[in-house]
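Everything below concerns the one structure shown next.
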Amino acid sequence: MQLTTRFFAIAGIGLLLAAAFTFGPRDFGTPTVARALANCSPSGATLDAEESNFLSLLNSYRVENGLVPLAASANLTRSAAWLAADMGANAYFDHADSAGRGATQRVQDCGYPDQAGENIAAGLAWSTGQDVFTAWRNSPGHNANLLNASYRMVGIGRAYVANSPYGWYWVADFGFAEDGTAATPEQLPFTGVESGIRSTSLTPGAWNVATVLPGGMKVSDLQGWSAWVQLANGWWQEYGADEFIPGGTVLGLLPRGLSLDRGRTAR
């Protein structure tokens, strides 16, 4: 029997504000205990707009770092959504949920067949996908999960609970195995990260300036073009053939066989 060792991490961030905006009172006197087998997700496995935005940011970040993007798992999403709502409803912030389970037991109760890593965050300052992505990216332990090369799927859940200690609660559950629940375009707003450059924006045989799509691209993927980046002095410098160009980069594209006059004018 061959044994395989895999590394995964559990990481959490909390942010407590002195004052909180609430939508109404909530009684925390009698905590409720929900079991994932009976109620795995209070909001289903569909990502909302901010959860989808987080997924897009996450996958762009992974591609920029040479990693495969993660597919959205319905099972992992149910687990993440369940924990986010349960933390707010029961006034705690922990990877151990109110039923006494850790991340792996919870995702397995929600139908996922393997182990899981997990990021959690809480605070009124983190209502958007960009907010929580930036916070996790800037935290070494959370960033290790974002860039774990062994992960293949992710589930994302957020919940706002009025009068809870933190307001917004976010959870991302990361899994190693494909579980067969990757969402179709009809199920989730996010369907993938586009990479490269749209060919419809280019004029053949001429100097072009174009923006790289969110997924980034390799210079070697360009067919018949050299890639250039503009320097602070206004001149253009050519990318090396083996370089990776992040999404959002503004490129100069020159047909092969042509050159730039002193790095400034195509000829």
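Take Ala84 and tell me if it is hydrophobic (A, V, I, L, M, F, W, C) and more than 15 Å from the chain's Cα centre (by Cα). Criteria met by Ala84. Of all residues in region 84-115, those that are part of a loop (DSSP other than H, G, I, E, B), touching a strand residue (DSSP E or B) at 6+ places or on another chain (Cβ under 9 Å) and surrounded by 22 or more Cβ atoms within 10 Å (Cβ to Cβ) total 2. Of the residues examined, Tyr169 is not one that is touching a residue at least 24 places away in the same chain (Cβ under 8 Å), crowded, with 22+ Cβ neighbours inside 10 Å and in a loop (DSSP other than H, G, I, E, B). Does Ala125 meet the test of being in contact (Cβ under 8 Å) with a residue 24 or more places away in the chain, over 20 Å from Leu70 (Cα atoms), in a strand (DSSP E or B) and small (Gly, Ala, Ser)? No: the conditions fail for Ala125. Confirm whether Asn163 is closer than 30 Å to Asp242 by Cα, open to solvent by 50 Å² or more (accessible area, probe 1.4 Å) and out of contact with any strand residue (DSSP E or B) (no Cβ under 9 Å at 6 or more places or on another chain). No. Condition test on Glu118, is it in contact (Cβ under 8 Å) with a residue 40 or more places away in the chain and surrounded by fewer than 22 Cβ atoms within 10 Å (Cβ to Cβ)? When the stated conditions are applied, Glu118 does not pass them. Only one of the numbered conditions (1) open to solvent by less than 50 Å² (accessible area, probe 1.4 Å); (2) out of contact with any Ser or Thr (no Cβ under 7 Å at 6 or more places or on another chain); (3) aliphatic (A, V, I, L, M); (4) not in a helix (DSSP H, G or I) is violated by Val68, and that is (1).
The values are calculated or read from the model by the stated rules, or taken from the named source; none is laboratory data. Note that this is a predicted model, so its numbers are computed, not measured. Heads up, the Cβs are rebuilt from the backbone with ideal geometry, glycines too, and the neighbour counts pull from every protein chain shown. Just the protein is used for accessible areas: all its heavy atoms, side chains included, with ligands, DNA and RNA removed. Shrake-Rupley method; radii C 1.70, N 1.55, O 1.52, S 1.80 Å.
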